[in-house]
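The values are calculated or read from the model by the stated rules, or taken from the named source; none is laboratory data. Computed from a predicted model, the values in this text were never measured in an experiment. As a convention, Cβ positions derive from the backbone with ideal geometry for all residues, glycine included, and neighbour counts pool all protein chains shown.
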Amino acid sequence: MKNILNSVFETQHQAAPFEQIQTTHFIPALELEISKTLEEIDHICSNPATPTFENTLEALEQSGEQLGIISGILFNLNSAETSNELQEVTQKAAPLLTKFQNDVRLNKVLFDRIKNIFDKKETLALDPEQLTLIEKEYKGFVRNGALLSAEDKDKLRLIDTELAQLSLSFGEHVLADTQAFELHLTDKKQLSGLPQTSITQAEALAKEKNKDGWVFTLDYPSYVPFVTFADDRALRKKMSLAFGKRGFQKNENNNESIILKLVQLKKEDRCTIRAW
């Protein structure tokens, strides 16, 4: 069957048709678009013509458009409306995308073409935007390991894969604590100072949960108006503390060990592996 994620969306402004997208669509769609994009990269690398802005930088910028769209949809959904199934998919997608990024950034032939243009950029008739892009891409490749030895490139791949998975787990833990908290109010006096839109939203959420009164959460549309406008200082404090300790409570979502590992990996990444 045709995967809707692998085609241009036939919607107004090509907006994502979320009602047609299934969780099972993502990994096959990503794998296909990664393959297509790597073919586009290979085409750039195998071009026998002298490297130019058009046949290298511009071609690179235009590659992988659909891959970027799919990735954006997946990770935005995981942040805004996650589920156990979606989290499993993102955990599978993270190493796929990390490997893809490294396959591009550590591609010696591609980097050599970019470096060729970078080294003679002052002699080329390029506008400021093109010069900026050349600087950005060249430095991006260097900072992502393009000048490393083959051995260090292999080390970098392992570190980047672990960093991606740990960062994803960190965000999922914060999201889980966000969704687990709610402030349920039944005394109308406690709503003093809040805008009517915030009160109406909280009332609707309470009804949705079959509760009387009003329910406020740590989601931004609920949290920000409450800590900004509520007159009850104690309730503002309760909300603020709950927001601040997401991912740092004594539960299965605690991120302390993840942070220590992230710091260790980033230190190795920056100080030992990367060539600046």
**Message:** Let me confirm something: among L262, L194, which residue is among the aliphatic types (A, V, I, L, M), assigned to a loop (DSSP other than H, G, I, E, B) and at negative phi?
**Reply:** L194
**Request:** Pull up the stretch 110-125, narrow it to residues that are among the hydrophobic types (A, V, I, L, M, F, W, C) and exposed (fewer than 13 other Cβ atoms within 10 Å of the Cβ), then point me to the one that is farthest from N144 (Cα to Cα).
**Result:** A125
**Message:** Can you find a residue that is more than 30 Å from L106 (Cα to Cα), of a type in the set (V, I, T) and within 28 Å of the chain's Cα centre (by Cα) anywhere in the stretch 176-185?
**Reply:** yes
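If a residue has to be under 21 Å from Q179 (Cβ atoms) and assigned to a loop (DSSP other than H, G, I, E, B) to count, how many in the stretch 207-229 make the cut?
Residues that pass the stated criteria total 7.
For (1) buried (at least 18 other Cβ atoms within 10 Å of the Cβ); (2) within 18 Å of F243 (Cα to Cα); (3) out of contact with any strand residue (DSSP E or B) (no Cβ under 8 Å at 6 or more places or on another chain), each residue gets a yes or a no:
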| site | (1), (2), (3) |
| --- | --- |
| V142 | yes, no, yes |
| L147 | no, no, yes |
| E151 | no, no, yes |
| L158 | no, no, yes |
| F170 | no, yes, yes |
| A176 | no, yes, yes |
| A180 | no, yes, yes |
| H184 | no, yes, no |
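Is there a residue being free of Cβ contacts under 8 Å to residues at least 40 places away in the same chain, outside any loop (DSSP other than H, G, I, E, B) and either outside the structural domain of V89 (by TED's automatic domain parsing) or hydrophobic (A, V, I, L, M, F, W, C) (or both) anywhere in the stretch 157-165? I'd like the intermediate steps shown before the answer.
Going residue by residue through the stretch 157-165, those that are free of Cβ contacts under 8 Å to residues at least 40 places away in the same chain are 158.
Narrowing the set further to residues that are outside any loop (DSSP other than H, G, I, E, B) leaves 158.
After this cut, where a residue has to be either outside the structural domain of V89 (by TED's automatic domain parsing) or hydrophobic (A, V, I, L, M, F, W, C) (or both) as well, the list is 158.
Checked the stretch 157-165: at least one residue is free of Cβ contacts under 8 Å to residues at least 40 places away in the same chain, outside any loop (DSSP other than H, G, I, E, B) and either outside the structural domain of V89 (by TED's automatic domain parsing) or hydrophobic (A, V, I, L, M, F, W, C) (or both).
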**Selection from the stretch 213-256 of residues that are over 22 Å from S79 (Cβ atoms) and loosely packed, with under 12 Cβ neighbours inside 10 Å** = R233, A234, K237, L241, K250
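Suppose we keep only residues that are of a type in the set (A, V, I, L, M) and crowded, with 18+ Cβ neighbours inside 10 Å within the stretch 91-103. Which one would you say is modelled with the lowest pLDDT? Let's see the steps before the verdict.
Of all residues in the stretch 91-103, those of a type in the set (A, V, I, L, M) come to 93-94, 96-97.
Still in the running and crowded, with 18+ Cβ neighbours inside 10 Å: 93-94, 97.
Details: A93: 94, A94: 91, L97: 95.
Among residues in the stretch 91-103 that are of a type in the set (A, V, I, L, M) and crowded, with 18+ Cβ neighbours inside 10 Å, the one modelled with the lowest pLDDT is A94.
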**Request:** Among the candidates R274, R236, R270, single out the residue that is among the basic types (K, R) and modelled with pLDDT of 95 or more.
**Result:** R236
